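Enquirer: Sharing a structure below in structure tokens format, with a few things to ask.
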Amino acid sequence: MNNIDNDVFDDDCNVPLFLVSEALKLSVLAIISATLLYLMPALDRQMIEAKRSGIPADFITAQITAFDQTASH
């Protein structure tokens, strides 16, 4: 090992602190993942409802036609 490795690994406190830090990062990621998995069905239901009650096709057609008319002038 070179001098940098010796400096890092000689300290008995650095390695446990590193491992605790990594464990905390993993636990935060696990909590976020579990929360997203829990909320995903609700988000899917909202997306389905939003698509079902979407903007009518005739409104979109009228808006595109109006835009084309103003853009061509």
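Enquirer: Can we say Ala30 is modelled with pLDDT of 85 or more, in a helix (DSSP H, G or I) and over 22 Å from the mean Cα position of the chain (by Cα)?
Expert: For Ala30, the condition - modelled with pLDDT of 85 or more, in a helix (DSSP H, G or I) and over 22 Å from the mean Cα position of the chain (by Cα) - is not met.
Enquirer: Separate question: Can you tell me which residue in segment 33-56 is modelled with the lowest pLDDT, limited to those that are surrounded by 10 or more Cβ atoms within 10 Å (Cβ to Cβ) and β-branched (Val, Ile, Thr)?
Expert: Applying the filter and picking the extreme gives Ile48.
Enquirer: Please state which one of Phe9, Phe59 is among the aromatic types (Phe, Trp, Tyr) and at pLDDT 75 or above.
Expert: Sole residue among the options that is among the aromatic types (Phe, Trp, Tyr) and at pLDDT 75 or above: Phe59.
The values are calculated or read from the model by the stated rules, or taken from the named source; none is laboratory data. A quick note: this is a predicted structure, and the numbers were derived from the prediction, not measured. FYI the Cβ positions are ideal-geometry reconstructions off the backbone, even for glycines, and counts take in every protein chain you see.
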